[in-house]
Ligand code: ADP
Ligand code: MG
C-alpha cells in the first residue's frame, strides 16, 4: 500500500527526517510511537504531500507520490487523514462536513453522498447528530465525525495523527473503539499515538522513531516486552 524509500525532510537547516524507510501492506495497522519532536507528524504529512519531501521516494499503490507527473489530488483521495484537532469545517453541519468531498471530488449525487454519510454516522454512533454544527459537539463526537468524513471517500489507507491527544480523558475510549472496529474490518492504517495499551491491542507492527530515524520496529508482543534499542527502552520506561 505504502512504500517509503530513504525519505528526508529538512525545514531550512533543521533536518527532521533522516532517511526513513517504511512499508505498509494492505490491511496492516502500523502504529508509530516516539518522543515529541521526533518527526512523526512530518512523516505523516509527507505521505500525503501536506509537506514536500526534500528527497527520497514515496509510493502509494505503486504510484509515485513524489513524482509531480502524478496527480497528487487524485492520490490524496485514496488516503484519509484524521488530525489531533479534528479540522472540521465549523460553519457547516455534520452531514455537510461528511458529504462535501464526495460531492465535490467524487462527483457523487447529493442523495447518494448523504445516504453513505448516514450509514457512516450510524457506524460511529452519531446518527442523531446529522444536523448539528461542530461547535455543538464534544471533542470525542467531533473526532468521530472526522473519522466518518475520512471514511466517506472510501480511502485505501487512513493516517491518524494523535487522534485522541486533544480529548478529555473520558472521551478517549469512544474514539479508540471506532478505530479498533476499523482495524477489525481490515482497514489499512498508520496511527501516531501515545496511547500505549491501545497501540498494543491494535497494531500489527510498532515503529519506534526518534530524531527523524526509525530505530526499531516489530510486533507489539516483541517490541513492548523486549525492546532492543536503548532509546526505545528509555521511552517505554517514561510512558508505560
Ligand atoms: P512529532 O510529531 O514527532 O512531535 P514533528 O514532526 O511535529 O514531530 O516535528 C519534528 C521537528 O520538525 C520539530 O523540531 C518541529 O519543530 C519541526 N517542524 C515541524 N514542522 C515544521 C515547519 N513547518 N517548519 C519548521 N519546523 C517544523
Ligand atoms: Mg506530532
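The values are calculated or read from the model by the stated rules, or taken from the named source; none is laboratory data. It should be emphasised that the depicted structure is a prediction, and the values quoted were computed from it without experimental measurement. Neighbour counts are summed over all protein chains in view; Cβ atoms, including those assigned to glycine, are modelled from backbone coordinates with ideal geometry.
Contact map, region 145-171: first residue under 18 Å from residue 123 (Cβ atoms), second residue within 16 Å of ligand 1 (Cβ to nearest atom), Cβ cut-off under 6 Å, separation 6 or more or different chains; pairs are 146/82; 147/82; 150/82; 160/82; 160/191; 163/82. Count, please, the residues in region 73-82 that happen to be surrounded by 14 or more Cβ atoms within 10 Å (Cβ to Cβ) and either assigned to a strand (DSSP E or B) or over 17 Å from the mean Cα position of the chain (by Cα) (or both). Of the residues in that region, 4 qualify. Just checking, does region 134-157 include any residue being over 18 Å from the mean Cα position of the chain (by Cα), in a loop (DSSP other than H, G, I, E, B), surrounded by fewer than 21 Cβ atoms within 10 Å (Cβ to Cβ) and at pLDDT 95 or above? Looking for residues that are over 18 Å from the mean Cα position of the chain (by Cα), in a loop (DSSP other than H, G, I, E, B), surrounded by fewer than 21 Cβ atoms within 10 Å (Cβ to Cβ) and at pLDDT 95 or above, one finds at least one in region 134-157, hence yes. Of the helices (runs of 4 or more DSSP H) contained entirely in region 186-240, those carrying at least 3 residues that are over 15 Å from the mean Cα position of the chain (by Cα), within 16 Å of ligand 1 (Cβ to nearest atom) and more than 18 Å from residue 163 (Cβ to Cβ) fall at 230-239.
Within region 36-55, the residues that satisfy the criterion of being within 12 Å of ligand 2 (Cβ to nearest atom), touching a strand residue (DSSP E or B) at 6+ places or on another chain (Cβ under 6 Å) and in a loop (DSSP other than H, G, I, E, B) are 38, 39. Considering region 163-180 alone, what residues qualify as being buried (at least 21 other Cβ atoms within 10 Å of the Cβ) and under 16 Å from residue 44 (Cβ atoms)? Correct list: 163, 164, 179.
Would you say residue 90 is surrounded by fewer than 18 Cβ atoms within 10 Å (Cβ to Cβ) and in contact (Cβ under 8 Å) with a residue 24 or more places away in the chain? Against the criterion (surrounded by fewer than 18 Cβ atoms within 10 Å (Cβ to Cβ) and in contact (Cβ under 8 Å) with a residue 24 or more places away in the chain), residue 90 qualifies. If you go through region 183-217 and keep only what is at positive phi and touching a strand residue (DSSP E or B) at 6+ places or on another chain (Cβ under 9 Å), you end up with 211, 212. Out of curiosity, is residue 26 away from ligand 2 (no atom under 16 Å from the Cβ), part of a loop (DSSP other than H, G, I, E, B), in contact (Cβ under 8 Å) with a residue 40 or more places away in the chain and in contact with a strand residue (DSSP E or B) (Cβ under 9 Å, 6 or more places away or on another chain)? When the stated conditions are applied, residue 26 passes them.
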